[in-house]
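Notes follow once the structure below has been shown.
The values are calculated or read from the model by the stated rules, or taken from the named source; none is laboratory data. The structure displayed is predicted, hence computed values, not measured ones. Virtual Cβ from ideal backbone geometry, glycine too; neighbours counted across all protein chains shown. We work out accessible area using only protein heavy atoms, side chains counted, and drop any ligands, DNA or RNA first. Shrake-Rupley method; radii C 1.70, N 1.55, O 1.52, S 1.80 Å.
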Amino acid sequence: MEFSLVILDEHIKTIFNDIITAGILDPESKYCSIAKDRCLKTCSHYYPLIEFMHNEKSEQDFLLHTSVLGAWTYFLDDALDYSMGVSQKIRANQIASFLLLRYYNWLKKYKSSTVLSLFNDYFLKYSQYLIIEKKWDYPQLYKKSYGNAQTIFNKALICFFPVDLLKLENGKNNHSTIKELFHYYFSFLLLADDLEDLEDDINSKCLTYPIIRYYDLVGKLPQSKSDIEIIIPKLLEQLDDFALKIDEMKNKNNWKLELICHDINNIFLSVKEKQIKP
């Protein structure tokens, strides 16, 4: 696990050095420091892929550019955040555009129209989600596409593109099983993130799965985090269900899953502690 995190740290340093060299980020700014820490957290969720990679020559390049994709999602989300000032939103958008172009150009190395077409499909679906989550006055739209536990992962569907690309990179014949694992893993991460950000999401009027579950039960949108307390136990049960599914797959397939299990244990404790406290 330590080796994977060392690689991650090196990759994030490389990405931020490139952004700084491009002249669109001040390395001495507080924003740079915060963004680097958050990109480390975001991109760390891709590094369990190392366990399923066996081509040492290409895995470093693959993981570096997967982190470029992860960093892009962070800066794009920052650019769309209602709470950010105009100057910060513009800067985040510039960085996101820089990273997206870099990732897209790297994909061209595969010399495959199928790869680019698949990425464009993921990109389109991810863009649709980013639009729908902001439609606070139309929760029924969110409910239709993302309103049950099985579709939580669609919130960050773009995360599955590297999992699919891994099949081409490694020629894995158990790709569907690996993808199922990441389905549960990303669902766990996204639900946990929604639970931790409930107050911010309600204040910024950003729809999420917990908010839609409340809407489905009560018939109206929550006005504060305290409104959603009545469904917190059920949401924690769903979080536990995802963790159990991952544990079952780990045992069945004799996987180590050190990074994933470490994530789940730490995040579960954090989420439960925050939700149980008054």
Point to revise | Pair list, Cβ < 6 Å and 6+ apart or interchain, from the stretch 234-248 residues that are in contact (Cβ under 8 Å) with a residue 40 or more places away in the chain and within 11 Å of residue 184 (Cβ to Cβ) to residues that are in a helix (DSSP H, G or I) and among the β-branched types (Val, Ile, Thr) | key: 243/264
Review point. Which one of the conditions (1) open to solvent by 10 Å² or more (accessible area, probe 1.4 Å); (2) modelled with pLDDT under 90 does residue 166 fail to meet, given that it meets all the rest?
Key: (1)
Point to revise | From 50, 34, residue being among the hydrophobic types (A, V, I, L, M, F, W, C), out of contact with any helix residue (DSSP H, G or I) (no Cβ under 8 Å at 6 or more places or on another chain) and open to solvent by 10 Å² or more (accessible area, probe 1.4 Å) | key: 34
Exercise for review: Output the qualifying pairs, or none if there are none: Cβ atoms under 9 angstrom, residues six or more apart or on different chains, first residue in the stretch 15-27 and free of Cβ contacts under 8 Å to residues at least 60 places away in the same chain, second residue surrounded by 15 or more Cβ atoms within 10 Å (Cβ to Cβ) and in a loop (DSSP other than H, G, I, E, B).
Suggested key: 16/25
Exercise for review: Identify all residues within the stretch 234-261 that are open to solvent by 80 Å² or more (accessible area, probe 1.4 Å) and part of a helix (DSSP H, G or I); write none if there are none.
Suggested key: 234, 237, 241, 244, 245, 248, 251, 252, 258
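A quick yes/no check of all residues on (1) assigned to a helix (DSSP H, G or I); (2) touching a residue at least 60 places away in the same chain (Cβ under 8 Å); (3) within 14 Å of the chain's Cα centre (by Cα):
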| site | (1), (2), (3) |
| --- | --- |
| 159 | yes, yes, yes |
| 163 | yes, yes, yes |
| 179 | yes, no, no |
| 188 | yes, yes, yes |
| 191 | yes, no, yes |
| 199 | yes, no, no |
| 202 | yes, no, no |
| 206 | no, yes, no |
| 210 | yes, no, no |
Check your understanding: Residues in the stretch 108-122: is at least one under 28 Å from residue 238 (Cβ atoms), in a helix (DSSP H, G or I) and touching a residue at least 24 places away in the same chain (Cβ under 8 Å)?
Key -> yes
Exercise for review: Confirm whether residue 144 is part of a helix (DSSP H, G or I) and open to solvent by 40 Å² or more (accessible area, probe 1.4 Å).
Suggested key: yes
Review point. If you take the residues of the stretch 58-86 that are among the aromatic types (Phe, Trp, Tyr) and crowded, with 19+ Cβ neighbours inside 10 Å, which of them is farthest from residue 16 (Cα to Cα)?
Key: 62
Review point. In this structure, is residue 154 over 20 Å from residue 53 (Cα atoms) and modelled with pLDDT under 95?
Key: yes
Exercise for review: Go through the stretch 210-233 and count every residue that is open to solvent by 60 Å² or more (accessible area, probe 1.4 Å) and among the β-branched types (Val, Ile, Thr).
Suggested key: 2
